[in-house]
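Notes for the one structure printed next.
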Amino acid sequence: MKTADLLITAVQNTFRSKLRTGLTVIAIFIGAFTLTITSAIGAGISSYIDNQLGAIGAEGVLNITVAPEDQVAGSADGPAVYDPDKATPPGGLPGGAPGFPGVLSNGDIDTIAAVEGIERVEPTKLVTADFIGTETGERYQLTLNPVSAATVPDLAAGSPLSTNDTSELILPTEYVEPLGFADAQDVVGAEVVLGATNAVGTQQTLRATIVGVQNTTLLDLGASINQHLIDALDEIQKSGRATAANAGYMGAIAHLDTEATDEQVAQIKEELSAEGFRARTTEDQIGAFQTVISGIIGVLNAFAVIALIAAGFGIVNTLLMSVQERTREIGLMKAMGMGSGKVFGLFSIEAVFIGFLGSALGAAVAVGVGTLISDALADSVLSGLPGLQIMLFEPGSIAVVVLVVMLIAFIAGTLPARRAAVQNPIDALRYE
């Protein structure tokens, strides 16, 4: 029997007992459907995390803070000795506050800049704005992103911030209509007024140009502002102080060569760690989120695999009964010269075909149903999170699901296929 004939015969034999085969296909369908849906959920959420939480760090950028282990206040050795030359925390933050390991001084900034491989360093200045508005319109409260230099905003319109000597900001999309603009594109290029209060309580204003509008993100970091606007706001906040305190920064943004290799970045991080700093890339900062998501998706996939294993026992049962019913037929095929290998292949192909039917149908229905649910959620309860597709069906993942199910079906079919292959033709022909 040729290979083509073997395939055709296996497919035909599959439908000899339509009810039994149909029930087995349904069991496989459930497992494949579940596995396809959970894989799509994992891909959709991971893609959204990459696009949205990826805004907390740009390519070729290190977010640098004081290493937590350098905080000695309240340690087993007792409180730290007061150092009058030490930098003071920005914005009135208490030194040694929980989650705030310390501040960077101007000397620290110079030390960071001296590390080989770092092109430039921008200290993170904690600046605030009292309001944002137009010359004649209503004024609104505004939160500013303190690490704008290290972010990659998800833009609805406009362009990223520049390093020009002009004050620029990227506005969250929810400010477009309140400020009197028609849409996100209409606001790009407009000039707005920002208010800031100095050290003695006097409010001052300055102007800035909106260069872009960013979609709503999970972190809601606020409006992104360029370094020129950060410096301008910082000057206003410092003006009026009776005495000049030692400059202190909550962190710093180190810019690297965007083509730096992983080994070079790791070397830079090690050198900074030796100096008492903690440097983190985008991957370092969002890694915990991805780990949690991967764990949840892994648990869901485990339930789907359990369903597929149960379906595998269904395949074993279906083919064992088929072998028993076709014992005389097997004996006749072997008596006519069909080898044990081809008999084994015939029943193995039947198992794989049953697996293919169940997985293909399950994956196809999952894509159809999942797409409808995902679109419905995006237009309703998830409408406040633009860009989130709760289920993302990737052709590669779907193909893997189908192949995995077919492999499980093949493994499940080896026992009945082997039983058929070792049949003695004389005994089989006498079987009643």
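Taking the stated definitions as given, is residue 307 in a helix (DSSP H, G or I), over 23 Å from residue 2 (Cα atoms), outside the structural domain of residue 153 (by TED's automatic domain parsing) and aliphatic (A, V, I, L, M)? Lay out the reasoning, then the answer.
Details: in a helix (DSSP H, G or I): yes; over 23 Å from residue 2 (Cα atoms): yes; outside the structural domain of residue 153 (by TED's automatic domain parsing): yes; aliphatic (A, V, I, L, M): yes.
It is true that residue 307 is in a helix (DSSP H, G or I), over 23 Å from residue 2 (Cα atoms), outside the structural domain of residue 153 (by TED's automatic domain parsing) and aliphatic (A, V, I, L, M).
Touching a helix residue (DSSP H, G or I) at 6+ places or on another chain (Cβ under 8 Å), surrounded by 20 or more Cβ atoms within 10 Å (Cβ to Cβ) and at pLDDT 90 or above: which single residue out of 254, 208, 279 fits that description?
Numbers: 254 fails: at pLDDT 90 or above; 279 fails: at pLDDT 90 or above.
Answer to the check: 208.
More than 29 Å from the chain's Cα centre (by Cα), at pLDDT 80 or above and among the acidic types (Asp, Glu): which single residue out of 394, 432, 350 fits that description? I'd like the intermediate steps shown before the answer.
Details: 394 fails: more than 29 Å from the chain's Cα centre (by Cα); 432 fails: at pLDDT 80 or above.
So the residue among 394, 432, 350 that is more than 29 Å from the chain's Cα centre (by Cα), at pLDDT 80 or above and among the acidic types (Asp, Glu) is 350.
In this structure, does residue 54 turn out to be under 27 Å from residue 223 (Cβ atoms), at pLDDT 85 or above and crowded, with 17+ Cβ neighbours inside 10 Å? Working first, answer last.
Details: under 27 Å from residue 223 (Cβ atoms): yes; at pLDDT 85 or above: no; crowded, with 17+ Cβ neighbours inside 10 Å: yes.
It is false that residue 54 is under 27 Å from residue 223 (Cβ atoms), at pLDDT 85 or above and crowded, with 17+ Cβ neighbours inside 10 Å.
Would you mention how many residues in region 84-123 are assigned to a helix (DSSP H, G or I) and either buried (at least 19 other Cβ atoms within 10 Å of the Cβ) or modelled with pLDDT of 80 or more (or both)? Working first, answer last.
Just the residues of region 84-123 that are assigned to a helix (DSSP H, G or I), to begin with: 90-92, 106-113.
Subset that is either buried (at least 19 other Cβ atoms within 10 Å of the Cβ) or modelled with pLDDT of 80 or more (or both): 90, 106-113.
Residues in region 84-123 being assigned to a helix (DSSP H, G or I) and either buried (at least 19 other Cβ atoms within 10 Å of the Cβ) or modelled with pLDDT of 80 or more (or both): 9 in total.
Going through region 124-136 one residue at a time, which ones are assigned to a loop (DSSP other than H, G, I, E, B) and in contact with a strand residue (DSSP E or B) (Cβ under 9 Å, 6 or more places away or on another chain)? Give the derivation first.
Of the residues in region 124-136, the ones assigned to a loop (DSSP other than H, G, I, E, B) are 125-128, 134-136.
The answer is 125, 126, 127, 128, 134, 135.
Which of the residues that make up region 15-37 are in a helix (DSSP H, G or I), over 30 Å from residue 393 (Cα atoms) and touching a helix residue (DSSP H, G or I) at 6+ places or on another chain (Cβ under 8 Å)? I'd like the intermediate steps shown before the answer.
Initial filter on region 15-37 (in a helix (DSSP H, G or I)): 18-37.
Now narrow it down to the ones that are over 30 Å from residue 393 (Cα atoms): 18-20.
Across region 15-37, the qualifying residue is only 20.
For region 201-231, how many residues are more than 23 Å from residue 138 (Cβ to Cβ) and in a helix (DSSP H, G or I)?
Residues that pass the stated criteria total 4.
If residue 299 meets every condition in (1) exposed (fewer than 14 other Cβ atoms within 10 Å of the Cβ); (2) of a type outside the set (S, T, N, Q); (3) modelled with pLDDT under 80; (4) within 23 Å of the chain's Cα centre (by Cα) apart from one, which number is that one?
Only one criterion is unmet by residue 299, namely (3).
The values are calculated or read from the model by the stated rules, or taken from the named source; none is laboratory data. What you are looking at is a predicted structure, and each value in this text was computed from that prediction instead of being measured. Neighbour counts are summed over all protein chains in view; Cβ atoms, including those assigned to glycine, are modelled from backbone coordinates with ideal geometry.
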